[in-house]
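Structure first, then comments.
The values are calculated or read from the model by the stated rules, or taken from the named source; none is laboratory data. Computed from a prediction, not measured in an experiment: that's the story for all the values here. Reconstructed Cβ throughout: ideal geometry from the backbone, glycine too, with neighbour counts over all protein chains shown.
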Amino acid sequence: MNLFPIKRCPNHCPYCLAQKFMDKKNETLSRENALEFIAFLRRNRKITGKPLNELNIMGGEPMLYKDLAWLIKKIQGNRNLLVGRFTIFTGGNFPMKNLELLDEISDVDVCLNLNEKKIYHSDKVYKRIIANLQAMIDKKGLRVGLGYNIASLDFNGDEIIATAKKFGIDSLRIAIASPIYGVDNPNIVHPEQYKELSPKVFQFVKKCHANSIDVNLDCTVPYCFFTDSQCGWFTKHNQRGMLNGIRSCACGFGPLCISPTLQVSKCTVLDEISTSLKLFSSAYEMYDAVLNSIDYKFGTPDLYPKCATCPHRTRCSGGCPAWKKGFLDGPDRNDITDKLVRLFEENISLYWDNIEKKDDALHAKFLENEKSIREIVKNLPEPNDTRILYVLYLYYNRVRNYKKRKYYYRKCIHHGGAEEFFNFKTKD
Ligand code: SF4
Ligand code: SF4
């Protein structure tokens, strides 16, 4: 989970995926909201019986958030463990004295996002960041790694490798810069250019490996970004962190982002859909809300024409889901469920009315509704979910279509978990 206690950041990186999210620069996490967030962590612990795996503190620049140490200490000081692992994501551009913020805390990871020198406004800024990097490495209780965003075809990976080696850093988080939903950012690499970018990224990872630097791919790339043989190389050379990045970010996983005003969104790039943290009891509930309101609408990617027939399309989100235009305007799962329930109810009463009245118009309306039901079910992301099959079984039972009832009964058993519904054991 990502917490954004502050929206202010002095770096203004041209590829930044949080540019729109950070519009309201003055928003910071108040102590009152921080305590509300901690209360959520306690609820989460109580309900799930375990701490949140990891909490990433991001921004904006978290090292400019004056209550940073207070917040971490308050979470760490709880009687029960609330968070397994803390990581502070910094851009490194802050007054060095702010490192005192971290004086009394320990067991925290830091990921310093380092750009190439030419991206910063001045040499002075770059030098300040490098000085802060050294100071963080020297500080007790912090484990420091580097982050690097690839935002152009002519990226200079050698520069970041040289810095990592100079400071003895052996872990590097990389990301292919993501878009912001609904915004065209010319300062990032677009999917049409991925064919050209992919071999360069592969060579870069190989070079990191040769220099004993472990690479983790953050954010997701399309399944077709790397070739099979490149993926084979990652496996052979134990670069699991790269393979983990080749997955979907639109299937209920991916991050959860919490703004300073405690609004929860899937990610800063998709933050037009957000809900108040106060409504949730656990991280699972949040994932469920994201699944219903965002991932459900996503469907399958349309990054390239070949996506329409690609065998990976149900498990690939075509890289960052924010590339898919207009999908957030579609209906969410609750809209679809409401529509299905309405159609089921209407058809059950149409069926029984028709038995009494023998009316052709009623029958025609019944058939029309059945067509819509079939269409909706066919387009559900998981049409073979046992719960859906069971509901269809119940529906056809009520409208006395025994052929279909039997069909869904069998499907229900075939797809597993049916004993819960039919009160029998499928196996010993
Ligand atoms: S669905 Fe599209 S983006 Fe994903 S692997 Fe297939 S072709 Fe590539
Ligand atoms: S939606 Fe997923 S891929 Fe896109 S920026 Fe957010 S985490 Fe990265």
In region 34-64, what residues are outside any strand (DSSP E or B) and either on the phi > 0 side of the Ramachandran plot or touching a Ser or Thr at 6+ places or on another chain (Cβ under 7 Å) (or both)?
-> 43, 44, 47, 48, 49, 60, 61, 62, 63
For residues in region 41-74 being over 24 Å from residue 147 (Cβ atoms) and of a type in the set (D, E, K, R), which is surrounded by the most Cβ atoms within 10 Å (Cβ to Cβ)?
-> 45
Considering only residues that are within 16 Å of ligand 2 (Cβ to nearest atom) and of a type in the set (A, V, I, L, M), look in region 264-287 and name the one that is nearest to residue 16 (Cα to Cα).
-> 269
Which of (1) modelled with pLDDT of 90 or more; (2) under 20 Å from residue 223 (Cα atoms) does residue 268 not meet, given it meets every other one?
-> (2)
Can you tell which of 92, 84 is in contact with a strand residue (DSSP E or B) (Cβ under 6 Å, 6 or more places away or on another chain), surrounded by fewer than 13 Cβ atoms within 10 Å (Cβ to Cβ), in contact (Cβ under 8 Å) with a residue 24 or more places away in the chain and outside any helix (DSSP H, G or I)?
-> 84
List every residue pair whose Cβ atoms lie under 7 Å apart, where the two residues are 6 or more positions apart in sequence or sit on different chains, the first residue falls within region 1-17 and is buried (at least 19 other Cβ atoms within 10 Å of the Cβ), and the second residue, located anywhere, is basic (Lys, Arg).
-> 7/24; 7/25
Determine which single condition residue 100 fails, assuming it passes every other condition in (1) free of Cβ contacts under 8 Å to residues at least 40 places away in the same chain; (2) of a type outside the set (Ser, Thr, Tyr); (3) under 19 Å from residue 27 (Cα atoms).
-> (3)
If you take just the helices (runs of 4 or more DSSP H) that sit entirely in region 322-416, which of them hold at least 2 residues that are loosely packed, with under 13 Cβ neighbours inside 10 Å?
-> 333-357, 360-379, 402-414
Filter region 293-319 for residues that are at pLDDT below 90 and in a helix (DSSP H, G or I); the one that is farthest from ligand 1 (Cβ to nearest atom) is 293
Just name the residue that is farthest from residue 224 (Cα to Cα) out of those in region 244-285 that are aliphatic (A, V, I, L, M) and free of Cβ contacts under 8 Å to residues at least 60 places away in the same chain.
-> 279
